[in-house]
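I have placed the structure first, in the form of structure tokens, so that the comments after it can refer back to it.
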């Protein structure tokens, strides 16, 4: 049996569909009305939802149960039909269900495959993609595919030679209810840019002509008598006829049924109404081109679709304004469904071929006892090095036991191919590795969780441990930054956010809190740095900068800031009491992504995932800086949690995947990073901040709504 | 609603953290987040002599003392809540901002060449003031917009190396970025410079002035006082005339008469002032009015029946104006006995209360919505603008962020449609049947959000009766929707229907 594909275009205003079998396309009419395009409306009739023309027919008698343009409601809250609240999703399902019934009656066999067009405004990541797929499935289709409307229109048969694949075309879709434009490369599945505009579609033109003729024919536009209503309906019909007729000739005349008066209307009058609307559409086209950074001259052609483009003035106006070759979709009103049908009829273009093998890459596979298991943890990050015998991952086997997956030769992890929690089978290619020398780390650190604190109303932004062993957590709570002792619940300091606080950090001794307040408007952004003493609660200094990329709170009234803007842009240490520069590190070439402080060390990661350790003395004077080895993160792997330093070494607290946190030692220069020293285990929240206690015996991790407090045992 | 977006911002920051490919997006987002979280900003715009500074003082409860330096009269100042300090922004691109104690800036003068150099380099100022009103709205204080300045001002301007055109441009740019604009007019009515203000904004790169973001203040009402006449009543007539001028009526939501000087004094009224008004209330009202009207006499001469010394009387008139003194005295006579009551009465009668109410109510409610519109416009472009250049995992993270923004936007879409409908109404694009624009305004909450106000029912109407009205209106609009309408009107009719459904849902539990 040939694969039958139903192609369905649920437009804002009207719907249309086609059936594709064996590469042959056939437009289908709406059952009941026999129309090739019908209203995207629904109406509640008793307990039933009726759709399309049947809904229009019930509109007079059940106005409150009627809803037009149901697609606009998708993803929003329930709509009320009559006295029932109905999820808009259900309305779309009802429409699709009717379409499926009609298609199956026509085909004589079940139709299980549907291709739905969706507006270009549903970009990648739009929740309505999922809703449309779910609606298709709920309507009984087993295969549901989507295509963006302008992408479909670009595939529609055109009058004249078609646009070759790869052409850059501007889709100009002027419909009854909306104007949409998109820049599309023929054959690609995502538009480059889209835009739409209100107030310049077919109904705006209708309304203008209607108002003009109502005045001329003495039809009341506000009267409420049955006769007034009748006259308005008659006039609306007349406007429609007249507009269609004028797409074929220069002048037309009709008899207005309401009064018997003869109405003569010519194209000049029609064009006078159309021109301001067309100018608006053109502004929208200009906007799309400008946003995409495309000169009009670089566009290979313009495709006209949508019923309103039948009007002769549209083509001449657009051609003149844009100066690019024009093509009319052969049936502009059905361009989307016709183009989507082309896609359905010709599936051969959608094949992805395997990449040729990479000689440097080695696939790593393991035979699991029992054949299958669940991946629990990755021990080496992408980019991380390992030695033969090192554990790369842990799997819970079929038997419930935990198995380590170890390496059988030295190397570096290039790619990991299963997510945590994923099922793995014997022989699956789990890791791609490459050969490299890696530094070996001896010994392991043991961790014990002391406490975990959750504050659902606040974001944990920083934390620290004082020399006396007191834990201090810093939360961002609406318009306040609060420092608290989470064990006692005591509020140590609350700093009201005068304008907007975005960042806050404690120094390594948890004695001072520094906040960075960003004030921003369309002219400029400034950063205002404030420092507070946690014992006295007093503001001890402040600083304003127009640029402030990364910073760290060092304690002793000092902050490390990068890009001070006055001293050459490199990192420097500033005394907040005096606003004076204590010293600069004397290099400017690096752009740092993160700073982590501890002891007298600040570690900064920079572009390309290199890192530098910046050291300073007790007076806060920079001592020096040195590069360290490559950190195991690349552009595709974003699992760096936080940086922290003990009194003499820098560490990384790395979040591998939600929950799994590990401690790694920074590599020496020229080396890749070794495997984790320890897994802290599944820490709730994210790990954006970590700090060791001044005696290095404890660690605190903060992120999300959580602060976790750990005790450490270092290898002797 | 803002909590919703705040949450999405926080989640997006989490997604962006540690992803170098998304650093730039994250930075831009921070700007949007900051703007979104900031209190609404209100720009005061008007001619040099329109009393803007007094009005700023009044809005801030009389406590902010404007920098009295002529040198900075031509500089835009953003007044913000915070530790007192002045942040100077420079005209030179890329020059970092500098922070100064307020008194250092106040002491600047064009007469010292070194200071002149500094003054010339200033673009605009952020003035941080400890003031509770600034928690509700930040104020953008702009220079006057007169085409022709007095010689003294012109000399200063020349010294500063600026032209009137520079000043106008700076004013329009800064005001256009504000969430709400107060156009300050004077009692003398529309000056040609005022009309220029209106047209200047039409050309600026903003939605322009409109009743959704602009209110007119007809200032200096106290100067209309004569013995036996009510200056507010006269000012209300002038305001009505102004509103009937097409450019004005189109541009402002309402023209509010304000006695700026009195309003500013109201905020600083203390027990001593009150005692003086009580003492003055012993004088025959008619006689007091006549003496006050003679200006100098009241401030200098001695009268046997007035126990308040002349010097104190002069200070009262300087601060409260003649009308203010007469008004406050009559309030004291009518039994106002506490400072709180006196302040409240004066704020109400000076028009200040109405002005503040419109700013925080009419505009404040919508400023949030307008702000979110800007955020969504940015977020909606992410899939097309940024996404194609990203590595796959960053794309996936961006998609998750886009998804959150879109989900929230869809939940708020009805409110945004409402805003669109109101804009279209004020722009004159709607051809609504039935109750027309008045019904649109009413049902979307112009007169209050409780069902009775939205339905136009008398307070206390039984819920069942109101529910009946709601259903009738919804059906009426559903029927009326069958006509031929332009897109804006179609949207507005849908908005009205949705609004009635919302009222219906609110009333149903009460009648169940």
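The values are calculated or read from the model by the stated rules, or taken from the named source; none is laboratory data. This structure is a prediction, so every number in the text was calculated from the model and none was measured. Don't worry about glycine lacking a Cβ; one is built from the backbone with ideal geometry, like all the others, and counts go over all protein chains shown.
One table, with the values for the structure above:
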quantity: Candidates B:292, B:325 - the one that is part of a helix (DSSP H, G or I) and within 23 Å of residue B:218 (Cα to Cα); calculated: B:325
quantity: Subset of segment A:348-368 that is at pLDDT 85 or above and part of a loop (DSSP other than H, G, I, E, B) - its residue that is nearest to residue A:189 (Cα to Cα); calculated: A:365
quantity: Test: residue in segment B:95-103 that is closer than 28 Å to residue B:46 by Cβ and either within 26 Å of the chain's Cα centre (by Cα) or surrounded by 18 or more Cβ atoms within 10 Å (Cβ to Cβ) (or both); calculated: yes
quantity: The listed residue being part of a helix (DSSP H, G or I) and either surrounded by fewer than 20 Cβ atoms within 10 Å (Cβ to Cβ) or modelled with pLDDT of 80 or more (or both), out of B:218, B:242; calculated: B:242
quantity: Residue within segment B:320-329 that is more than 28 Å from the chain's Cα centre (by Cα), more than 14 Å from chain A (Cβ to nearest Cβ) and modelled with pLDDT of 85 or more present; calculated: yes
quantity: Selected residue [modelled with pLDDT of 85 or more, more than 22 Å from residue A:72 (Cβ to Cβ) and touching a helix residue (DSSP H, G or I) at 6+ places or on another chain (Cβ under 7 Å)] from B:375, B:358, B:443, B:401; calculated: B:401
quantity: Tally of residues being within 11 Å of chain A (Cβ to nearest Cβ), in contact with a helix residue (DSSP H, G or I) (Cβ under 7 Å, 6 or more places away or on another chain) and surrounded by fewer than 19 Cβ atoms within 10 Å (Cβ to Cβ) across segment B:459-481; calculated: 3
quantity: Qualifying residue in segment A:50-71 (condition: surrounded by 23 or more Cβ atoms within 10 Å (Cβ to Cβ), part of a strand (DSSP E or B), more than 12 Å from chain B (Cβ to nearest Cβ) and in contact with a strand residue (DSSP E or B) (Cβ under 7 Å, 6 or more places away or on another chain)); calculated: yes
quantity: Entirely in segment A:173-274, the strands (runs of 3 or more DSSP E) that have 2 or more residues that are in contact (Cβ under 8 Å) with a residue 12 or more places away in the chain, in contact with a strand residue (DSSP E or B) (Cβ under 9 Å, 6 or more places away or on another chain) and within 14 Å of another protein chain (Cβ to nearest Cβ); calculated: A:179-185, A:193-197
quantity: Residue check for residue A:125: crowded, with 21+ Cβ neighbours inside 10 Å, within 14 Å of chain B (Cβ to nearest Cβ), at pLDDT below 95 and closer than 25 Å to residue B:413 by Cβ; calculated: yes
quantity: Residue within segment A:417-436 that is in the same structural domain as residue A:662 (by TED's automatic domain parsing), surrounded by fewer than 17 Cβ atoms within 10 Å (Cβ to Cβ) and at pLDDT below 85 present; calculated: no
quantity: Subset of segment B:435-444 that is buried (at least 16 other Cβ atoms within 10 Å of the Cβ) and free of Cβ contacts under 8 Å to residues at least 60 places away in the same chain - its residue that is nearest to residue B:366 (Cα to Cα); calculated: B:444
quantity: Check on residue B:490, under 21 Å from residue A:211 (Cβ atoms), assigned to a helix (DSSP H, G or I) and either within 13 Å of another protein chain (Cβ to nearest Cβ) or touching a strand residue (DSSP E or B) at 6+ places or on another chain (Cβ under 6 Å) (or both); calculated: yes
quantity: Top-ranked residue of segment B:19-55 - restricted to ones that are away from chain A (no Cβ under 14 Å), modelled with pLDDT of 80 or more and crowded, with 22+ Cβ neighbours inside 10 Å, ranked as farthest from residue B:217 (Cα to Cα); calculated: B:54
quantity: The one condition in (1) in contact with a helix residue (DSSP H, G or I) (Cβ under 6 Å, 6 or more places away or on another chain); (2) in a helix (DSSP H, G or I); (3) surrounded by fewer than 20 Cβ atoms within 10 Å (Cβ to Cβ); (4) at the interface with chain A (Cβ under 10 Å from one of its Cβ atoms) that residue B:419 fails to fulfil; calculated: (4)
quantity: Enumerated strands (runs of 3 or more DSSP E) restricted to segment A:461-505, each holding at least 2 residues that are within 12 Å of chain B (Cβ to nearest Cβ) and at pLDDT below 90; calculated: A:471-477, A:490-496
quantity: Segment A:74-98 - residue that is crowded, with 19+ Cβ neighbours inside 10 Å, in contact with a strand residue (DSSP E or B) (Cβ under 8 Å, 6 or more places away or on another chain) and facing another protein chain (nearest Cβ under 9 Å) and, of those, farthest from residue B:504 (Cα to Cα); calculated: A:79
quantity: Some residue of segment A:308-322 being at pLDDT below 90 and in contact with a strand residue (DSSP E or B) (Cβ under 7 Å, 6 or more places away or on another chain); calculated: no
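Table: residues versus (1) surrounded by 22 or more Cβ atoms within 10 Å (Cβ to Cβ); (2) part of a helix (DSSP H, G or I); (3) in contact (Cβ under 8 Å) with a residue 12 or more places away in the chain.
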| site | (1), (2), (3) |
| --- | --- |
| A:102 | no, yes, yes |
| A:111 | yes, no, yes |
| A:116 | yes, no, yes |
| A:121 | no, no, yes |
| A:131 | no, yes, yes |
| A:137 | no, yes, no |
| A:141 | yes, no, yes |
| A:151 | yes, yes, yes |
| A:164 | no, no, yes |
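Results for (1) in the same structural domain as residue A:308 (by TED's automatic domain parsing); (2) out of contact with any helix residue (DSSP H, G or I) (no Cβ under 6 Å at 6 or more places or on another chain), shown as yes or no for each residue.
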position: A:90; (1), (2): no, yes
position: A:93; (1), (2): no, no
position: A:103; (1), (2): no, yes
position: A:118; (1), (2): no, no
position: A:166; (1), (2): yes, yes
position: A:195; (1), (2): yes, no
position: A:199; (1), (2): yes, no
